[in-house]
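Input: a single structure, listed below in structure tokens.
Here, each number is a calculation from the coordinates, and none is a lab measurement. Source: prediction; values computed, not measured. Note: ideal-geometry Cβ built from the backbone for every residue, glycine included; neighbour counts use all protein chains shown.
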């Protein structure tokens, strides 16, 4: 019988001053800040280890990030003034106090919005059905609103939303996105891109909504970079699809800057399907041969 209890964390952060999510020696990271805060509040000998739904790069923001952490049941006694032990059923009622304590300890550019006891089979990374990102761009001649400069990219050329969407449609579906990813040893680049759509808001800001079951390294920003080149007329509408079909990194694809990107949502199936979804996600994917 284990003494560990799994918690789900729903959180957000301004990625401007972070070296990404993943803990790195000598660097300020989101994972490092939260693990350190949890370890201090719960009086753990060593900081706990977080598992995240999507490891964001340096400068990328998150509004709907999800992580999980396995904590000793005994550690929740630290949330009681008298240090009284807690049963598994009594953890949930102490979690609001932990959220409040985290709010007082964490720096203001990272917030844990909610803590909950994770259902059986929950894995923040592998149980996810999809991730939804947004990339925001302004093509206003005078530049971006200074109050939004950390979350909106300024593009100095006018952008045609219709051209960008025409090119984006050709990229949807399950493909090997090697042409738009930084290859990692032993990792597949096959992904199912479910939505890639640009809209222009009343404020003139262009926002790309990007949804996939998962993303490989730099995939969203590479896709955005390719579509921006189409939108400003430097590339034809069919070019991103040709790059995808070639299956190799193209020097013409420029990865868009990190600060325009935000992880908006991670979606999960009903509790009874969490374990099965995690098992499906762990399989190594291949594309069916053309017949």
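With neighbour counts taken as other beta-carbon atoms within 10 Å, the residues 197, 46, 93 rank, fewest first, as 46, 93, 197. Here segment 2-37 and segment 172-211 have alpha carbon centers that stand 25 Å from each other. With R₀ fixed at 30 Å, the C-beta to C-beta distance from residue 254 to residue 282 puts the FRET efficiency at about 0.35. Mind grabbing the base-10 log of I(q)/I(0) for segment 125-227 at q = 0.13, 0.19, 0.23 Å⁻¹? Debye formula, identical points on the C-alpha positions, no solvent, two decimal places. Values returned for q = 0.13, 0.19, 0.23 Å⁻¹ are -0.51, -0.96, -1.23. Among the DSSP beta bridges whose two residues both lie in the chain, what percent are antiparallel, rounded to the nearest 5? In the chain, approximately 90 percent of DSSP beta bridges are antiparallel ones. GNM remark for the chain: springs join alpha carbons under 10 Å apart, and the peak mean-square fluctuation among 131, 170, 191 falls on 170. For the chain, modelled as a GNM whose springs connect Cα atoms under 10 angstrom apart, the maximal fluctuation among 85, 257, 47 occurs at 85. To the nearest 0.05, how large is the calculated FRET efficiency for residue 161 and residue 234 if R₀ is 25 Å and r is the Cβ-Cβ distance? Efficiency computed from Cβ-Cβ geometry: 0.95.
Annotation: peptides 103-110, 221-228, ranked by per-residue average of other Cβ atoms within 10 Å with the highest first, follow the order 221-228, 103-110. Across segment 192-291, the volume of the C-alpha convex hull divided among the residues equals 160 Å³ per residue.
Using the Cβ-Cβ distance between residue 195 and residue 273 with R0 = 22 Å, the FRET efficiency computed as 1/(1 + (r/R0)^6) comes to roughly 0.55.
Counting pairs of alpha carbon atoms under 8 Å apart in space and at least six apart in sequence, what relative contact order in percent does the chain give?
22 percent
When the Gaussian network model of the chain links Cα atoms closer than 10 Å, the mean-square fluctuations of 12, 20, 247 top out at 247.
Taking 0.36 nm per residue of separation and subtracting the current Cα-Cα distance, fully stretching the chain between residue 99 and residue 202 would add 33.5 nm.
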